[in-house]
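The values are calculated or read from the model by the stated rules, or taken from the named source; none is laboratory data. What you see is a predicted model; the values in this text were computed from it and never measured. Cβ sites come from the backbone with ideal geometry, for glycine too, and all protein chains shown count toward neighbours. What goes into the accessible areas is simple: the full protein's heavy atoms, side chains included, and nothing from ligands, DNA or RNA. Shrake-Rupley method; radii C 1.70, N 1.55, O 1.52, S 1.80 Å.
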Amino acid sequence: MTKSTNDRRGIVVLLVDDRPIVAEAVKRLLKYETDIEFHYCQDGAQVIPLAEKIQPTVILLDLLMPDVDGLVLLRFLRAHESTREVPVVMLSTNDDPQKKAEAFSNGANDYLIKLPDRVELVARIRYHSDAYLNLLKRYEVELTRAYNQELERRVEERTRELTETLAHLQETQSQLIQSEKMSSLGQLVAGIAHEVNNPISFIAGNIEHTSEYVQNLLELIELYERHYPEPSQEIRDFQQEIDLSFVREDLEKIVDSMKMGTDRIREIVLNLRTFSRLDESDMKFVDIHEGIESTLLILQHRLKDSSIEIVKNYGDLPLVECYAGQLNQVFMNLLANAIDAVNSIEEEGRSPQIEIETSLNETDDRVSIRISDNGVGIPEEVKNRIFDPFFTTKPVGEGTGLGLSIGYQIVTDKHQGAIECESSPESGTEFTITIPIQQSKLSDLASYRVASTPKNSQVRKAIA
């Protein structure tokens, strides 16, 4: 049964009988059948080893033998794996119906009175051999089908494992890139803050003294004019040359402008720090609106020379527990994409607009941040892949395909929230971020539910 039917050269007959004369007679009956291979076994104990060697297609078994009962040997053949399915034809000189019934009940396939007619013997051998070989073929087909199914299952399983591994590697790679980007941004902001703060602090600190000194000098000039109303011609000429009255009026304005400039630079540095949250790497309660405003300031260079209208509809939000720097990075990616989306519609005569709306959902203690634009929109076939790592529709060199993927991880993994996209071509795009107000409370609730509920799958559904 273990050997393929394709390896067989013909019919193989095994005769089991204690009398060699019977074996010789059967051999003579089959000598003209060139496709039939004949084997003889006199010892019942050697039947199984010989059968495993020659793999018979039919066994001719004597019913009555002095050393072993034919029915006992028949049951033994039926119990052994190598001969379980091989057709067995019982040979006997006894035509007793009871004996025939016992033979069939013990697993015999046929019953012949020996010695049978040559034509009948050959016909029975061919019939049972063909049936057995067909059975082997069916087994082989079934085994091949089962093997192929198992192979397909293993291939699918391995493919799934490799796909999951690839997704994990891509996620890890994007996280590493995100960490590197945030680290680089942090170093950049730290450098700017260090390099700008020191001279600005120096300037701001001296502006007060400068203003005081300028005021004193102006008062001194007034005193000179009051006590020496008729200066020399050279002094009058110089006063006229420098337009002293204008200098008096403009000098105070210049000092005030310098004060405003230093205050503005300080504000920009503060917003840079707010955006990257260098001093707040841990999860803390922060003002979401402050993060949005700092992000808009970072993008101001892309907004000031355009006609993009920024519409803000801020709700009354409490402080939200989050990784502020990472969440600001999400705002940065969404707003930068929105600016890209609306830049092209200005050429079509439409007014580009980006709307930022925040709201509080008191029923589940979550806040929502909605960023929408009236740009070109996202095609349906692209929308299904926008959160995939390294997927981008931008030209080579203009996009890495990591912004939305990293944003998705930050919102869903880091903040147990959700990010959704609604878009269609020519109607704009809307992203909605929803995160819990308090992360630690959510974690405590999850731990409690997992500990008190026997089925974790139900817990995950309940938390979700």
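Which trypsin sites (Lys or Arg not before Pro) does region 62-103 hold that lie in a coil by DSSP with at most 11 other beta carbons within 10 Å?
Working: sites: Arg75, Arg78, Arg84, Lys99, Lys100; in loops: Arg84.
Hits after loop and neighbour filter: Arg84.
Maximal additional length on extending the Gln170-Arg153 stretch stands at 3.6 nm, based on 0.36 nm per residue less the C-alpha distance.
Once the 1.4 Å probe is applied to the protein heavy atoms, region 6-96 comes out at 51 Å² accessible per residue.
When Lys and Arg each count +1 and Asp and Glu each count -1, what net charge do the other residues less than 9 Å away from Asn313, Cβ to Cβ, add up to? Write out the running numbers ahead of the final one.
Values: positive: Lys312, Arg370; negative: Glu355, Glu357.
Residues close to Asn313 contribute a combined charge of 0.
Placing a pseudo-label 7 Å from each Cα along the Cα-to-Cβ vector at Ser351 and Glu24 gives an inter-label distance of 11.9 nm.
Sites listed here are GluC sites (Glu not before Pro) in region 331-379 whose DSSP assignment is loop and whose Cβ has at most 13 other Cβ atoms within 10 Å: Glu362.
Measuring between alpha carbons in the structure, the pairs from Lys114/Lys137; Lys27/Lys53; Lys383/Lys414; Lys259/Lys312; Lys31/Lys100 lying more than 26 angstrom apart are Lys114/Lys137; Lys259/Lys312; Lys31/Lys100. Global size of region 1-124: 13.6, 40 Å for Rg and Dmax (C-alpha atoms, Rg to one decimal, Dmax whole). When you filter the trypsin sites (Lys or Arg not before Pro) in region 304-380 for DSSP loop state and at most 11 other Cβ atoms inside 10 Å of their Cβ, you are left with Lys304.
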